[in-house]
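Heads up: the structure comes next, in structure tokens.
The values are calculated or read from the model by the stated rules, or taken from the named source; none is laboratory data. Everything quoted here is computed from the prediction, not taken from an experiment. Don't worry about glycine lacking a Cβ; one is built from the backbone with ideal geometry, like all the others, and counts go over all protein chains shown.
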Amino acid sequence: MEIEGRLRVDLYPAGGRVNRVSIRSSRPVQAARIFTGKSPQTVLAELPMLFSVCGIAQSVAGLQAFRQAQALPVSAATDTASALLVQMETAREHLWRILIDWPAFLDEADAVRRAGPLPALLTDLRKVLFADGPAFSLQAEPRLESRELQAQIERLDTLLAEQVFDCPSARWLEITCIDELSNWACTVESVAARLLRDVWAKGWQELGATDVGFLPALPAAGLNRRLDAPDADGFIAAPLWEESVCETTSLERQHTCELVTSLRREFGNGLLTRLAARLVELARVPTILRLLVAQPDAPPVAENGDALPPGVGIGQVEAARGRLVHRVVLDGGQVQRYQIVAPTEWNFHPAGVVARGLETLTATGNDTLRRQAALLISAIDPCVGYDLSVN
């Protein structure tokens, strides 16, 4: 039942620089129509099977949308469990990129063995929270057992120290300026440090820098109007907000961090800034998880459902690759309409941040150009596979 599709990215260089970029998608952006006529529980059971990438975030967005549409009370414990799972999924997705993709950019083989512990990160946390029961059900009640949850967090933190940072993640977050980051990259032998060192050595820090702005907060009422409009399908396939292309990535979420701010000041939103923002977000996950476990009964975040008509719900979740939006319209307890706006459609918009970034590339040969393009695409990170051609 899994539906993915692919992206095709074509570069047309001339005179040592990219003259034109074409990004085309075979992603079935209307795949959510298969939920029409189904019950909320059926949809929640099928969501993680339909979307293999960021399945937790997809399920949480769906759960939020159905709760709003049915005006169901929000459980602080359920929100905490959802947040724990989304954060762990974010860590796992970032680790996949770092431990699998980044070695390839350094021409290293046998990267898969480094990723051995990753599949268990989510499955074990989910089992702690929900035993063998469904995690995403309107009736699900998690078990917030602090000792078991702390053990899962320590396991993640140890993995980050051993495979990525060469120190506890909280200590790595004490890096706040470019010189300190450069010193770390030059003295540590993790794949993350070596890739940053390689980018510095090649002078590619500003690679792909553009003036594309970050995706702002999306009010539920405004989203509902946009997704209820006659041209909603066009918006889902190539979204604009207030007539502008927008970026939704880990850089957008981490841009106020002191280290990322200093990098943006020096290199804009180029390659080095993006790689560092991913590392910052990854390093912050254990601290966020510990705060969630320490305050499991904190009031849930308001979902702004009052701005929506009866029977309509919108869920928004910050997934690893960007903001994910689910909208549901119910009629008689069944799904009348289901829509999903994924981060890939924002970031890989034909005129979006990836296209604009690729248009800035200059290289003396196609091999170098291909390498630069692949690095930039990986740093922004689509939800699906892609084919890259230099024509």
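Values as computed for the structure displayed
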read-out: Filtered residue count, region 65-79, keeping only those that are under 25 Å from Ser146 (Cβ atoms) and more than 21 Å from the chain's Cα centre (by Cα); value: 6
read-out: Flag for Ser39 being under 20 Å from Ile380 (Cα atoms) and in contact with a strand residue (DSSP E or B) (Cβ under 8 Å, 6 or more places away or on another chain); value: no
read-out: Matching residues in region 140-153 - criterion: being part of a loop (DSSP other than H, G, I, E, B), exposed (fewer than 15 other Cβ atoms within 10 Å of the Cβ) and touching a residue at least 40 places away in the same chain (Cβ under 8 Å); value: Glu141
read-out: Whichever residue in region 250-290 is closer than 25 Å to Cys167 by Cα and either polar (S, T, N, Q) or at pLDDT below 95 (or both) and, among such residues, is surrounded by the fewest Cβ atoms within 10 Å (Cβ to Cβ); value: Thr256
read-out: Scope region 27-36; condition at pLDDT 85 or above and touching a helix residue (DSSP H, G or I) at 6+ places or on another chain (Cβ under 9 Å); matching residues; value: Ala32, Ile34, Phe35
read-out: Residues of region 80-106 satisfying the condition of being within 15 Å of the chain's Cα centre (by Cα) and among the β-branched types (Val, Ile, Thr); value: Val86, Thr90, Ile98
read-out: Options Gln30, Gln58, Gln41; residue that is of a type outside the set (A, V, I, L, M, F, W, C) and touching a Phe, Trp or Tyr at 6+ places or on another chain (Cβ under 6 Å); value: Gln58
read-out: Elements of type helices (runs of 4 or more DSSP H) contained in region 154-254, each with 3 or more residues being in contact (Cβ under 8 Å) with a residue 24 or more places away in the chain, within 25 Å of Leu121 (Cα to Cα) and in contact with a helix residue (DSSP H, G or I) (Cβ under 8 Å, 6 or more places away or on another chain); value: 169-172, 191-202, 250-254
read-out: Positions within region 69-110 being crowded, with 16+ Cβ neighbours inside 10 Å, more than 22 Å from Asp124 (Cα to Cα) and of a type in the set (Asp, Glu), in sequence order; value: Asp101
read-out: Sole residue being hydroxyl-bearing (Ser, Thr, Tyr), at pLDDT 90 or above and either in contact with a Leu (Cβ under 9 Å, 6 or more places away or on another chain) or at positive phi (or both), chosen from Ser22, Ser39; value: Ser22
